[in-house]
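K.L.:
Here it is, the structure, as structure tokens.
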Amino acid sequence: MSEPVDLLVIGGGINGVGIARDAAGRGLRVLLCERGDLAEHTSSASTKLIHGGLRYLEQYAFRLVREALAERERLMRLAPHIIWPLRFVLPHDAGLRPAWMLRIGLFLYDHLARLKALPRSQALRLSREGVGAPLQKRLTRGFAYSDCWVEDSRLVVLNALDAAERGARIRTRTTVESARREDGAWTVTLHDAERRQRESVRARIVVNAAGPWVGETLLRTLAVEARPKVRLVKGSHIVVRRLYEGDQAYILQQPDRRIVFAIPYERDFTLIGTTDVAHEGEPGPVRISAEETRYLCACINRSFERQIGPDDVVWSFSGLRPLYDDAAANASAVTRDYVLELDHDGPPVLSVFGGKITTYRRLAEHALEKLGPHLPGMKPAWTGDAPLPGGDMAGADFDLFVGTLAAQYPFLPEATARRLARAYGTRAERLLGDARTLADLGETFGGDLSAREVDYLVRHEWARTSDDILWRRSKLGLRMDREGVARLGRHLAAVSAEAGAHRP
């Protein structure tokens, strides 16, 4: 058996890949195993926001909000291609939270952020502002504030890519079937579904970042006696045709004291979410219920002039949030903070409970701080100033980079150049290579997806299936017809044998 890795990370969501990237950059030998695709579950089912969490102030979660706001500013600099500012409109709805409470909350939100890359909040007269036009006339007052949008599943993939380039081994479609402590290390049995092979590896430390399966992994796979501290909450979103003009998002208060977002999405759509529904069954793939769909439609219909119903939904997605169980009575009130639990009764295992996508980088730093006594000689923290792959653009100026890319590849339609720049940043040049015409990019499957882009995703980003490409590496599934999906499937089947020799 080969020499043990320093860290075996179970789970290819944002927390797992964040820890793997940080550890690899500190000189550790890292193996990450994900039984499906990267970001296949919770990390691709978020509301796509890098934010402080305005509503968490009601729960007095000041530390979490402060940390999240600091990370918001930092991540904008490190990944300007997949993270960008978004202005939110918060209508004041009479009978719900009073205006003075909203004003105080936004004042705190502004001042908890130490850096000032985004504009501060302001009061609005919705009857006089263009952003008030889509709203019902009864909503006359409101506020505006700023947070950020993120391409969530691409954030996961780019962390994995950077980890791999720093020496980590990233194994997708690979299940950790069992693990046991023996001779001062973990002996772990892996099953590679693609190669239909089992193998044993040794690891000094296991990091359990299995998301919704964190409790199950701890008890069943690692055989660690512990009370599961995870509380599963289902969050669902719907996507409809664009509800309004403009780049602003809306944050809508509801009579049940929840808030629901309406956000511009993929140019031609509006994303609406999220729900908070307690999930009592086993962890696994989940779908939106008819009741959730009706709830989200009703939330929009309370505030917007344009009314929608279930028939207007063009796509929906759901995920399970593995929150730390703090015994809160209401699912919406469960803490979004993270908890790291270390069991070192023998070779250590660190389990990750909770967390939010905004604070994944700090979570990774805290995880390695906790493991530090077991990793002598580990290099210091480094991710706070290191751009993610594709984010190394001059001055973190995305618009300047788009202009440069368009000039370098003048045959690209403007929308395609912008999409590729958003998805890949400076790595778009590697994808496009020596192409001089659209024909050089090969077959087009629809939604401007080319064979060259597909091949790049297979070779460099662990994409294997149509869903990997259309719903996680991109959202081109919104623009692809059945015939295009079928042709994409045939192309993937044709290149799979060749790709096997180049898989990262």
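K.L.:
Which whole-Hz couplings ³J(HN,Hα) result when phi for each residue of the range 92-101 is put into the Karplus expression 6.51 cos²θ - 1.76 cosθ + 1.60, θ = phi - 60°, listed in order with x for Gly and Pro?
P.N.:
So the J values, rounded to whole Hz, are 8, 10, 4, x, 9, 4, x, 4, 5, 5.
K.L.:
Classify the range 375-504: rounded, prolate or oblate, from the alpha-carbon gyration tensor (a ≥ b ≥ c, eigenvalue square roots; a/c under 1.5 rounded; otherwise prolate if a/b is larger than b/c)?
P.N.:
Since a/c reaches 1.5 but b/c is at least a/b, the shape of the range 375-504 is classed as oblate.
K.L.:
Determine the share of the chain's accessible area contributed by carbon and sulfur atoms, expressed in whole percent, with a 1.4 angstrom probe.
P.N.:
50 percent
K.L.:
With the other protein chains left in place, how much accessible area per residue, in square angstrom, belongs to the chain at a 1.4 angstrom probe?
P.N.:
41 Å²
K.L.:
Counting only other residues whose beta carbon sits under 14 Å from that of LEU8, what net charge do I get with K and R as +1, D and E as -1?
P.N.:
Combined, the nearby Lys, Arg, Asp and Glu give +3.
K.L.:
Does the range 289-403 come out rounded, prolate or oblate by the C-alpha gyration tensor, with a ≥ b ≥ c the root eigenvalues, rounded set by a/c under 1.5 and, if not, prolate when a/b is larger than b/c and oblate if not?
P.N.:
oblate
K.L.:
Run the simple label-point estimate for ASP467 and LEU342 please: 7 Å along Cα→C-beta, distance reported in nm.
P.N.:
Roughly 3.7 nm, to one decimal.
K.L.:
Residue by residue through the range 124-140, what is 3J(HN,Hα) from phi via Karplus (6.51 cos²θ - 1.76 cosθ + 1.60, θ = phi - 60°)? Round to whole Hz and write x for glycine and proline.
P.N.:
10, 9, 4, 5, 10, 9, x, 5, x, 4, x, 8, 5, 5, 5, 8, 9
K.L.:
Mind checking the full-extension length gain between GLU305 and ASP256? Use 0.36 nm per residue of separation minus the Cα-Cα distance, one decimal, nm.
P.N.:
15.5 nm
K.L.:
Mind pulling the per residue volume of the convex hull built on the Cα atoms of the range 162-201? Å³ is fine.
P.N.:
Cα convex hull per residue, to the nearest whole number: 82 Å³.
K.L.:
Might you work out the accessible area of HIS374 for me, using a 1.4 Å probe with all protein chains in place, and round it to the nearest 10 Å²?
P.N.:
Accessible area of HIS374: about 60 Å².
K.L.:
Right, next: In a solvent-free Debye calculation with one equal scatterer on each Cα, what is log10 I(q)/I(0) for the chain at q = 0.08, 0.09, 0.10, 0.11 Å⁻¹, listed in the order of the q values?
P.N.:
So the normalised log intensities are -0.50, -0.64, -0.80, -0.97.
K.L.:
Under a Cβ-Cβ cut-off of 14 Å, what is the net charge of the residues other than ARG181 that fall near it, where Lys and Arg count +1 and Asp and Glu count -1?
P.N.:
Once all neighbours under 14 Å are counted, the net charge is -2.
K.L.:
Right, another one. Just to be sure I understand: of the beta bridges DSSP finds with both ends in the chain, what percent are antiparallel, rounded to 5?
P.N.:
The antiparallel fraction comes to roughly 80 percent.
K.L.:
Ranked from the most accessible area to the least, with a 1.4 Å probe and all protein chains present, what is the order of LYS379, LYS48?
P.N.:
Final ranking, largest accessible area leading: LYS379, LYS48.
K.L.:
Okay, next question. Using 7 Å Cα-to-Cβ label points, what is the ARG77/ARG490 separation (nm, one decimal)?
P.N.:
Roughly 5.0 nm, to one decimal.
K.L.:
Is it possible to state the helix-based mean residue ellipticity at 222 nm for the chain, with each DSSP H run of 4+ residues giving -39500 (n - 2.57), the sum divided by total residues, to the nearest 500 deg cm²/dmol? What is it?
P.N.:
-8500 deg cm²/dmol
K.L.:
Counting only C-alpha contacts under 8 Å and six or more residues apart, can you give the relative contact order of the range 144-236 as a whole percent?
P.N.:
17 percent
K.L.:
Which of the peptides 355-361, 31-37, 129-135 is most tightly packed, and how do the rest follow, judged by the mean count of other Cβ atoms within 10 Å per residue?
P.N.:
The peptides rank, most packed first, as 355-361, 31-37, 129-135.
K.L.:
I would also like to ask the following. Suppose a student asked you for the relative contact order of the chain, using Cα pairs under 8 Å spaced at least 6 residues apart; what percent would you report?
P.N.:
Once normalised by length, the contact order is 19 percent.
K.L.:
What is the range 47-160 by shape, rounded, prolate or oblate, if you read a ≥ b ≥ c off the alpha carbon gyration tensor as root eigenvalues and call it rounded for a/c under 1.5, prolate for a/b larger than b/c, and oblate otherwise?
P.N.:
prolate
K.L.:
Shifting gears a bit: When only C-alpha pairs under 8 Å and at least 6 residues apart count, what is the relative contact order of the range 410-504, in percent?
P.N.:
Over the range 410-504, the number comes to 25 percent.
K.L.:
Subtracting the Cα-Cα distance from 0.36 nm times the residue separation, let me have the gained length for ASP192 to SER178 in nm, one decimal.
P.N.:
Stretched fully, the ASP192-SER178 segment lengthens by 3.7 nm.
K.L.:
I've got another one for you. So what's the net charge close to GLU225: Lys and Arg +1, Asp and Glu -1, counting the other residues with Cβ under 12 Å from its Cβ?
P.N.:
Its environment carries a net charge of 0.
K.L.:
Hey, what do the phi angles of the range 232-242 turn into as Karplus ³J(HN,Hα) couplings, whole Hz, using 6.51/-1.76/1.60 and θ = phi - 60°, x for Gly and Pro?
P.N.:
8, 10, 7, x, 10, 10, 10, 10, 10, 4, 3
K.L.:
Same structure, new question: Among the listed pairs LYS48/LYS234; LYS234/LYS475; LYS137/LYS475; LYS137/LYS234, which are separated by more than 27 Å between their Cα atoms?
P.N.:
Violating the 27 Å limit, Cα to Cα: LYS137/LYS475; LYS137/LYS234.
K.L.:
Per 0.36 nm of contour for each residue apart, how much would the distance between ARG227 and ARG267 grow if the chain were fully extended, relative to their Cα-Cα spacing?
P.N.:
9.9 nm
The values are calculated or read from the model by the stated rules, or taken from the named source; none is laboratory data. Values in this document were obtained by computation on a predicted structure and should not be read as measured data. Cβ atoms come from the backbone with ideal geometry, glycine included; neighbour counts cover every protein chain shown. For accessibility, only protein heavy atoms count, side chains too; no ligands or nucleic acids. Shrake-Rupley method; radii C 1.70, N 1.55, O 1.52, S 1.80 Å.
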